[in-house]
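Trainee: I'd like to ask some things about the structure below.
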Amino acid sequence: QVQLLESGGGLVQAGGSLRLACAASGRTFSRGVMAWFRQAPGKEREFVAAISEDYITDYADSVKARFTISRDNIKDTVYLISNSLKPEDTATYYCAAKMNRGSLWSRGPYDYWGQGTQVTVSS
């Protein structure tokens with residue numbers, strides 16, 4: 001059974017940083033795409049960042065230059081380093097993965113999803 005397990009969320013003050021991690025088990029995604037999405041209360045889930053099997057990255061405009069996505073294929077883990085956090089970054093952050101790029105390689109759709117980790121940024 002494939003599982004994606006997120007960790008690293010928490011409460012941080014505006015301007016602070018967090019490192020989220022998502023570990024895959026049940027299969028390897030070293031040749032697939034891994035990504036982060038987020039959903040704030042009352043809003044739709046939105047794309048945050050993605051990284052391909054050959055380390056090409058894509059970011060939402062709202063996080064570009066503040067967030068960095070990376071992956072460790074030996075550990076089958078994807079990371080999201082979030083700097084200069086803002087209250088509007090408050091959301092549940094979800095990890096996603098897929099093996100086939102498809103026509104929209106970074107922004108969806110994805111086959112596997114984690115349960116999410118909460119990030120709260122106080123002002």
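Trainee: Considering (1) free of Cβ contacts under 8 Å to residues at least 24 places away in the same chain; (2) open to solvent by less than 10 Å² (accessible area, probe 1.4 Å), say which one GLY32 fails and leave the rest.
Mentor: (1)
Trainee: If you scan the range 70-82, which residues turn out to be touching a Phe, Trp or Tyr at 6+ places or on another chain (Cβ under 7 Å) and in a loop (DSSP other than H, G, I, E, B)?
Mentor: ASP76
Trainee: Picking from SER52, SER84, SER7, which residue would you name as being under 22 Å from SER122 (Cβ atoms), more than 11 Å from the chain's Cα centre (by Cα), of a type in the set (S, T, N, Q) and open to solvent by less than 70 Å² (accessible area, probe 1.4 Å)?
Mentor: When all the criteria are applied, what remains is SER84.
Trainee: Read through the list (1) closer than 20 Å to GLU44 by Cα; (2) under 15 Å from the mean Cα position of the chain (by Cα), then give the number of the only condition that VAL121 fails.
Mentor: Against the list (1) closer than 20 Å to GLU44 by Cα; (2) under 15 Å from the mean Cα position of the chain (by Cα), VAL121 comes up short only on (2).
Trainee: For the range 1-65, which fully contained strands (runs of 3 or more DSSP E) count at least 2 residues that are within 11 Å of ALA97 (Cβ to Cβ) and either touching a Cys at 6+ places or on another chain (Cβ under 9 Å) or among the hydroxyl-bearing types (Ser, Thr, Tyr) (or both)?
Mentor: Hits in the range 1-65: 18-25, 33-39.
Trainee: Which condition number in (1) over 17 Å from the mean Cα position of the chain (by Cα); (2) over 16 Å from THR120 (Cβ atoms) is the one that PHE29 fails?
Mentor: Answer for PHE29: the failing condition is (1).
The values are calculated or read from the model by the stated rules, or taken from the named source; none is laboratory data. As the structure is a prediction and not an experimental result, all values here were calculated from the model. Cβ sites come from the backbone with ideal geometry, for glycine too, and all protein chains shown count toward neighbours. Only protein heavy atoms, including side chains, enter the accessible area calculation; ligands, DNA and RNA are left aside. Shrake-Rupley method; radii C 1.70, N 1.55, O 1.52, S 1.80 Å.
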